[in-house]
Structure formats: C-alpha cells, structure tokens
Amino acid sequence: LKAVEGECGFVYVVMDALSEPFKGIGITNDEGWITTNAHMETSVPGVYAIGDVRDTVLRQIATAVGDGSIAGQEVYKYITSLEDK
C-alpha cells in the first residue's frame, strides 16, 4: 500500500470460525467460536482449543503460538493425571 497524505488503507482478512465438526458437542458459542478458559480447556474434559478458532478478542499468529504453548502444557498435565489414577 502506498500512503498518500490524508489517505490510508487497512487490509483485513475476514475470518469465519472453522468449527463445524465441534458444534454438536456443545463447545461453540452462537457465532461458532470455541469457548475456552485461560488454560485452553473447553467445557469437555480433555478437549482443548487454540488459535483462530477460539472465542477471543485477538486472532493473530502470535496469540496462536502462545495458545499452543499453554495447551501443550495443560494437555501434558491432563494426561499425566489420568496415568496417576
């Protein structure tokens, strides 16, 4: 984009929640985004969501990477807790 005094442009990519396969298990909101807590857990035990499919304010690669880091640790803790039983 070339900026001209008094004019500017903003590129926006429209995103839709690609969560159709998960709508039947009750983890999506009315717009189709998957709802999680801060640990990336959904309301279904053992089911986690990360990145652009989450119901969140910001959808950027940087936040998706952070989500993945959190979810990886949480999944490890979840699996470990199952082994302890």
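Some notes on this structure:
- Backbone amide hydrogens, once placed in the peptide plane, bring R54 within less than 5 Å of I34, excluding anything fewer than 5 places away on its chain.
- Residues in the range 53-82 that a label on S43 would reach, taking backbone N under 18 Å of a point 7 Å out along Cα→Cβ: 54-56
Every read-out reported here was derived from the displayed coordinates using simple, explicitly stated rules and does not represent laboratory data. Computed from a prediction, not measured in an experiment: that's the story for all the values here. Note that we place each Cβ from the backbone using ideal geometry, even for glycine, and neighbour counts take in every protein chain shown.
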